[in-house]
1. When residues of the range 213-236 are filtered for being under 19 Å from residue 58 (Cα atoms) and modelled with pLDDT of 95 or more, how many remain?
2. Mind telling me which of the residues 250, 255 ends up being touching a residue at least 40 places away in the same chain (Cβ under 8 Å), surrounded by fewer than 21 Cβ atoms within 10 Å (Cβ to Cβ) and more than 16 Å from the ligand (Cβ to nearest atom)?
3. Going through 179, 224 one at a time, which residue ends up being surrounded by fewer than 20 Cβ atoms within 10 Å (Cβ to Cβ), without any contact (Cβ under 8 Å) to a residue 60 or more places away in the chain and assigned to a helix (DSSP H, G or I)?
4. Testing residue 262 on (1) away from the ligand (no atom under 15 Å from the Cβ); (2) farther than 20 Å from residue 109 by Cα; (3) part of a helix (DSSP H, G or I); (4) touching a residue at least 12 places away in the same chain (Cβ under 8 Å), one condition comes back false. Which one is that?
5. Within the range 232-241, work out how many residues are in contact (Cβ under 8 Å) with a residue 24 or more places away in the chain and away from the ligand (no atom under 12 Å from the Cβ).
Ligand code: SF4
C-alpha cells in the first residue's frame with residue numbers, strides 16, 4: 001500500500017481533514033482536502049465537521065484552526081513549522097502601542113500568535129486587509145506585524161496606519177529584489193508581474209496585480225495573459241500549473257522558499273494521523289478573546 005493510500009485510510013478512520021497552505025510541498029498539496037490562502041483556510045476550518053484537522057501550514061495557522069474549533073483536535077505534522085514573521089510582534093510591544101494610542105483600532109495580520117490576536121479588534125489576511133482597515137471605526141489604526149502589507153493598505157485607505165513593530169517583514173518575500181525583477185524581465189519580457197503584498201514597496205509599485213495567493217490564482221485564470229512572473233513563495237507555482245495548464249508561470253525569484261512551510265512531509269502527515277500528535281492547543285481565555293477578533297474578520301469577509 002502506498003503512503004498516500006495509508007493516509008487516505010487513516011483519514012477515513014479518524015474522520016480527519018487535511019488543510020494545506022498554497023506554499024506546501026507539491027505532494028502535500030496533492031493529498032490535501034483543501035489548498036488555499038490564510039483566509040480560505042480559516043473559512044474552511046470554521047466550517048468543517050471533521051473530528052480531526054491536520055494542518056499543513058505554519059504555527060499561527062494551526063493555532064487559528066484550534067481557536068475556531070475548540071472541540072476538535074488540531075494536529076500539525078511538524079511542530080518546527082514556525083513563521084518568523086509572527087514572532088516579530090511581541091505582546092509587550094503591542095500593549096505598549098495600545099497604551100500610547102488609546103483611540104486607535106488594532107488590526108492584526110493573521111500571521112500573529114494567539115496571544116497577540118487576543119488583544120486585537122479585528123484580524124485580517126492579505127486578501128481582505130484593506131477592506132478590514134476601512135471598516136474600522138477609528139481613523140487611526142495600529143497594524144502589524146508586516147510593514148510591507150501596511151504599505152499596501154496605506155495606498156488603499158485614507159486612514160492613518162502605524163506599523164507595529166516598525167519594520168516587521170516576511171524574510172521569504174522581503175528578499176525578492178529589483179535585481180531579481182530585472183533578471184526575470186530579461187528572460188520573460190512578455191510575462192505579467194503578479195505579486196504578494198508581503199513583497200517590498202519597490203516590487204509592489206511595478207506589479208500588474210497584487211493579491212493574496214488565492215487571489216493570484218484567480219487573476220491568472222481570468223487574465224488574457226499567457227505568461228506570468230510570480231512574486232511569492234515558490235510553492236504556489238505547483239497550484240498554478242496544475243489548475244491553469246494552458247499558461248506559463250515563472251518564479252520571480254527561485255530562492256523565495258519558506259523553509260518553515262516546507263517542513264511537513266507525507267511521512268510526517270501519516271505519523272500525525274496515526275499518533276494524533278503533535279496537537280496544537282490554545283489556552284481557553286486567550287482562545288475566547290482571539291476568536292472574537294477572528295469572528296469579526298470572518299463576518300466582514302462573507
Ligand atoms: S512565507 Fe513568510 S509569512 Fe509565510 S510562513 Fe513563511 S516566513 Fe511566515
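1. Final tally of qualifying residues: 5.
2. Only one candidate qualifies: 250.
3. None of the others qualify; the one that does is 179.
4. (1)
5. Selection size over the range 232-241: 3.
Residue by residue, here is whether (1) away from the ligand (no atom under 16 Å from the Cβ); (2) crowded, with 23+ Cβ neighbours inside 10 Å holds:
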{"site": "146", "(1), (2)": "no, yes"}
{"site": "149", "(1), (2)": "no, yes"}
{"site": "169", "(1), (2)": "no, no"}
{"site": "173", "(1), (2)": "no, yes"}
{"site": "190", "(1), (2)": "yes, no"}
{"site": "206", "(1), (2)": "yes, no"}
{"site": "215", "(1), (2)": "no, no"}
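The values are calculated or read from the model by the stated rules, or taken from the named source; none is laboratory data. Remember, predicted model here, so these are calculated numbers, not experimental data. Cβ: placed from backbone, ideal geometry, glycine included. Neighbour counts: every protein chain shown.
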